[in-house]
Amino acid sequence: IGKIRENVGLLVFVIAAAIVAFLFMDAMSSAGRGQIDPNILGNVDGEPLMRNTYETRVKQMEDNYNQSGIPVDDKTRFQIREQAWQQYVQEKLSEREYDELGLTVSNKEFKEALLVHPGIVNAEIFKDETGVFSREKLTQYLESLNLDTDDSGYAQAQAQRRQFKSFEQSVYQGQLRDKYNALLNKAVYVPSWYAKQ
């Protein structure tokens, strides 16, 4: 202990040099790996998920909950964030399969599916005085969402527009999924004579 006390300066120098060497080595290994972009949350099938895309999805889902009257507490917010991530993963993996098979949904098919979807047909806001679905009411609703930034109710219209876009996206994805499932079902056909054997 006496010798250590005599060489305190040398000991401090050795410790400082070791710390500097450690920090330098860590900085060099980080530079070699490349810097991680804080705006990329993850990759699915080689495609990055950007933070703003993810946050938009989460906001749309929170708007859906709020519009439905479901309170969004911390537990629900965590579930929403997890659900948004799982939806993104499912969509990206499915999109690759759809692209390889050449599956698409035409505008006509999409509009037809949208106009018979229970979420549209059964919504009270789109029914006329007799209680029947009205395309005019749907058109009026969509036009009412086109407000300027200085109009009152702009924030609410933005939230409703995000909610409707999210709904349209789910209908579109549902159409693609139905086409894909129909292809799988028809590909697994077994003739009755073969099944008997």
Extension gain Ser68-Arg81, at 0.36 nm per residue separation less the Cα-Cα distance, in nm? 2.9 nm
If I fit a long axis through the Cα atoms of helix 154-187 and take the longest principal axis of the Cα atoms of the chain, what angle between them do I get, 0 to 90°, rounded to 10? 80 degrees
Evaluate the charge dipole of the chain about its Cα centre and quote only its size in Debye, nearest 20, assuming +1 on the Cβ of each Lys and Arg and -1 on the Cβ of each Asp and Glu. 720 debye
With a ≥ b ≥ c the root eigenvalues of the C-alpha gyration tensor of segment 150-197, is it rounded (a/c under 1.5), prolate (a/b larger than b/c) or oblate? prolate
Rounding to the nearest 10 and keeping the result within 0 to 90°, find how far the Cα-based axis of helix 51-67 lies from the longest principal axis of the chain. 50 degrees
Provide the solvent-accessible area of Leu138, counting protein heavy atoms only and rolling a 1.4 Å probe, rounded to the nearest 10 Å². 10 Å²
Counting only protein heavy atoms and rolling a 1.4 Å probe, one gets per residue an accessible area for segment 29-144 in Å² of 68 Å²
Can you tell me the orientation of helix 107-116 relative to the chain, as the angle in degrees between its alpha-carbon axis and the longest Cα principal axis, to the nearest 10? 70 degrees
Report the residue, chosen from Ala187, Ala17, Ala157, that carries the largest GNM mean-square fluctuation when the chain is represented by alpha-carbon nodes joined by springs under 10 Å. Ala17
Going toward the positive end of the dipole of the chain, with +1 on Lys and Arg Cβ and -1 on Asp and Glu Cβ, which of Tyr154, Val58, Pro48 do you reach last? Pro48
Can you give the local net charge around Glu97? Use residues other than it whose beta-carbon is closer than 15 angstrom to its beta-carbon, Lys and Arg +1, Asp and Glu -1. -3
Rank Met25, Met61 by accessible area, highest first, at a 1.4 Å probe radius? Met25, Met61
Counting only protein heavy atoms and a 1.4 Å probe, tell me what percentage of the chain's accessible area is made up of carbon and sulfur. 56 percent
Checking the cross-link filter: which lysines have an alpha carbon closer than 29 Å to that of Lys186, excluding same-chain neighbours under 8 positions apart? Lys92, Lys108, Lys111, Lys196
Shape of the chain, Cα gyration tensor, a/c cut at 1.5: oblate
Find which of Gln169, His117, Leu184 sits farthest along the positive direction of the dipole of segment 48-186, computed with +1 on the beta-carbon of Lys and Arg, -1 on that of Asp and Glu, about the Cα centre. Leu184
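The values are calculated or read from the model by the stated rules, or taken from the named source; none is laboratory data. Owing to the predicted nature of the structure, the values given are computational and were not obtained by experimental measurement. Here Cβ is always computed from backbone atoms with ideal geometry, including for glycine, and neighbour counts include all displayed protein chains. Side chains included, ligands, DNA and RNA excluded: accessible areas come from the protein's heavy atoms. Shrake-Rupley method; radii C 1.70, N 1.55, O 1.52, S 1.80 Å.
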